[in-house]
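Participant: Provided herewith is a single structure, encoded as structure tokens, for subsequent inquiry.
The values are calculated or read from the model by the stated rules, or taken from the named source; none is laboratory data. Keep in mind that what you see is a predicted model, and the values were worked out from it rather than measured. Every residue, glycine among them, receives a Cβ derived from its backbone with ideal geometry; neighbour counts consider all protein chains shown. Remember, those area values only see protein heavy atoms, side chains included, never the ligands or the DNA or RNA. Shrake-Rupley method; radii C 1.70, N 1.55, O 1.52, S 1.80 Å.
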Amino acid sequence: MRLIHPYHLVTNSTWPIITSISMLSMAISLVLTMHNKEYGEYILIASIGSIIVSVIAWLQDITIEGTYRGEHTIKVQKGLTLGFILFVISEVCIFLSLFFAYFYNSLVPGVEVGSIWPPVGIVTLDYKAVPLVNTIILLSSGFSITASHNFMITRSYSKAYLYLFLTILLGVLFTVLQYVEYTNAYFTIADSVYGSSFFILTGCHALHILVGTSFLLVTLARMALSHFTNTRHLLFTYSAIYWHMVDAVWLVLFVVVYCWA
């Protein structure tokens, strides 16, 4: 059937509802696991596995629609870009709310924490150690993803692939060092509001690093399959924007949580 409009009519798919149910199951099972309920961790593992399978299958369908069927016209690409921009804005709002909570508790500390910040008994982490190294790593990854994008535009696909792979390695290294920092911290998430604020802020950012790294891995795989050209690489552009957003959030987090504390 010949299309008489530039829009893409989405075909019926079961993956969105499966993904939604799996995410709800993961949230419920996570609460059960935290309260040491029976079978909670098994349901959590099954839910995560279901999410991974459904997301992969969903992305495969989207790839077939856009790359092989050519259903993602210029009009559709503009709509996808607008949707992704709104998604990034929503992610920024999440971090704004977490930073607001941190400032609320730090600028006017309550008597429960000794009316000082950091609270009495909290030994903060040295910002010149792992946090500074992680900052250098993320800044370097920002330069490498930008270089990869520029090489993609200039049709230097081998260099674009190399720099994208380097960005992924830097993201993995950041995650490993963040884990090392957590295991060597002098406080836990249960140590006053400072511990809660610290681990929720840095943990939320670490989660976004994991999502961004997965984003880049999918981009790398599609680049290896020659799905991109110098003028048509929306996924590459989205992954680069997301990674730069994560970089910017870390810079604010480094100054506020590590240096200022």
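Participant: With the other protein chains left in place, how much accessible area per residue, in square angstrom, belongs to region 55-94 at a 1.4 angstrom probe?
Facilitator: 65
Participant: Follow-up question, since we're still on this one. Measure off, as a whole percent, the carbon and sulfur share of the 1.4 Å-probe accessible area of region 148-261, all protein chains present.
Facilitator: Result for region 148-261: 72 percent of the exposed heavy-atom area is carbon or sulfur.
Participant: Same structure again: What FRET efficiency do you get for residue 230 and residue 183 if R0 is 51 Å and r is their Cβ-Cβ distance, rounded to the nearest 0.05?
Facilitator: It comes out at approximately 0.70.
Participant: Can you give the Kirkwood hydrodynamic radius of region 1-65 from its Cα pairs, in Å with one decimal?
Facilitator: Evaluated over region 1-65, this radius sits at 13.6 Å.
Participant: Run the quick spin-label model on residue 190 and residue 30: label points 7 Å from Cα toward the beta carbon, then report their separation in nm to one decimal.
Facilitator: It works out to 2.0 nm between the two label points.
Participant: Residue separation times 0.36 nm, minus the C-alpha to C-alpha distance between residue 14 and residue 176: what's the value?
Facilitator: Residue separation times 0.36 nm, minus the Cα-Cα distance, leaves 54.8 nm.
Participant: Computed from the mean reciprocal separation of all distinct C-alpha pairs, what Kirkwood hydrodynamic radius does region 90-136 have, in Å?
Facilitator: Answer for region 90-136: a Kirkwood hydrodynamic radius of 12.7 Å.
Participant: A further question follows. Dimensions of region 173-261 along principal axes (Cα, Å, largest first)?
Facilitator: Principal-axis extents of region 173-261 (Cα, largest first): 51, 22, 16 Å.
Participant: Please compute the Cα-Cα pair-distance distribution of region 152-216 with 5 Å bins starting at 0, giving whole percents from short to long.
Facilitator: All Cα pairs, binned at 5 Å, distribute as 4, 16, 20, 17, 14, 10, 8, 5, 4, 3, 1 percent.
Participant: Also, quick follow-up: Here are a few candidate values for Rg and Dmax of the Cα atoms in Å: (1) 47.5, 177; (2) 22.5, 76; (3) 21.2, 72. Which one was actually calculated from the structure I just gave you?
Facilitator: The listed entry that was calculated here is (3).
Participant: How long, wide and thick is region 56-118, going by the Cα atoms along their three principal axes, in whole angstroms, largest first?
Facilitator: 64, 24, 11
Participant: Whole percent per 10 Å bin, from 0 to the bin with the longest distance: what is P(r) over all C-alpha pairs of region 1-154?
Facilitator: Calculated over all Cα pairs of region 1-154, the distribution is 8, 16, 26, 29, 15, 6, 1, 0 percent.
Participant: With the other protein chains left in place, how much accessible area per residue, in square angstrom, belongs to region 122-200 at a 1.4 angstrom probe?
Facilitator: 53
Participant: Run through every distinct alpha carbon pair of region 106-261 and return the Kirkwood hydrodynamic radius in angstroms, one decimal place.
Facilitator: One decimal place: 16.9 Å for the Kirkwood radius.
Participant: Can you work out the FRET efficiency for the pair residue 169 and residue 251, with r the C-beta to C-beta distance and R0 = 22 Å, to the nearest 0.05?
Facilitator: E(calc), rounded to 0.05, equals 0.60.
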